[in-house]
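The values are calculated or read from the model by the stated rules, or taken from the named source; none is laboratory data. Small disclaimer: the values here were computed from a predicted structure and weren't measured. All Cβ positions, even for glycine, are placed from backbone atoms using ideal geometry, and neighbour counts span all protein chains on display.
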Amino acid sequence: MTSRSTLPCFALVCAFAVFTASACAAVPHAGKPMADAFEAAPKARLSRDELINVGGWKLDTATATEGAALEALFAAGMSYELKFDADGTATANGGCNTLRGEYRATSNRVELDLSISTRMACEDAKNQADAQMSALLKGTFKAELRETQPMRLRLTGPGGEVLTLSALPLSL
């Protein structure tokens, strides 16, 4: 009697395990951006509201024109965040100084000029990273938004530089 009642339970447990394993395989690891997040078609138009209605944008990757990673932006203790405000101002920080300026967003373009910077006494590596970030955040960028979780933003600069950012949750 015991072996007959455990057989259906065992079959159910096995079926659930197979289903769970296949479902979990499709979920990306927490904290790691999905490699194919930009393979799907981008939104046709980027609205300014989509830039400002998040808690900011965390820089995930940055590459130069030739595709080489801009390693200086990810030196120890540095994590850049870019924030767009409703009044047309933008800020970036994460190295040492806070970079400020203006932005305009239209359709699939974002024009940035973050040339104002605080002048904190930081170590040379952080000052150099801030200077590099300030230089990167000038010009008109092609903007692509993916409605993944979290939303992802790719900015392609006038010289071919590419910045990929992830939306941060709103803080209350």
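Miscellaneous remarks
- Qualifying residue in the range 60-76 (condition: under 23 Å from residue 46 (Cα atoms), part of a loop (DSSP other than H, G, I, E, B) and within 18 Å of the chain's Cα centre (by Cα)): no
- Meets criteria (crowded, with 16+ Cβ neighbours inside 10 Å and touching an Asp or Glu at 6+ places or on another chain (Cβ under 8 Å)) for residue 166: yes
- For the range 98-131, the set of residues classified as outside any strand (DSSP E or B), crowded, with 16+ Cβ neighbours inside 10 Å and within 20 Å of the chain's Cα centre (by Cα) consists of 129, 130, listed by residue number.
- Checklist (1) more than 20 Å from residue 67 (Cα to Cα); (2) surrounded by fewer than 19 Cβ atoms within 10 Å (Cβ to Cβ); (3) of a type outside the set (Val, Ile, Thr); (4) more than 18 Å from the chain's Cα centre (by Cα) applied to residue 150, failing item: (4)
- Answer residue from the range 132-156, given it is of a type in the set (A, V, I, L, M) and assigned to a strand (DSSP E or B) and is nearest to residue 57 (Cα to Cα) among those: 153
- Matching residues in the range 60-84 - criterion: being of a type outside the set (S, T, N, Q), under 22 Å from residue 144 (Cβ atoms) and surrounded by 13 or more Cβ atoms within 10 Å (Cβ to Cβ): 60, 62, 64, 70, 73, 74, 80, 81, 82, 83, 84
- Of the residues in the range 93-104, at least one is of a type in the set (A, V, I, L, M) and at pLDDT 90 or above.
- Residue 87 being surrounded by fewer than 20 Cβ atoms within 10 Å (Cβ to Cβ) and under 22 Å from residue 170 (Cβ atoms): yes
- Residue in the range 40-51 that is at pLDDT below 50, of a type outside the set (Gly, Ala, Ser), surrounded by 14 or more Cβ atoms within 10 Å (Cβ to Cβ) and not in a helix (DSSP H, G or I) present: no
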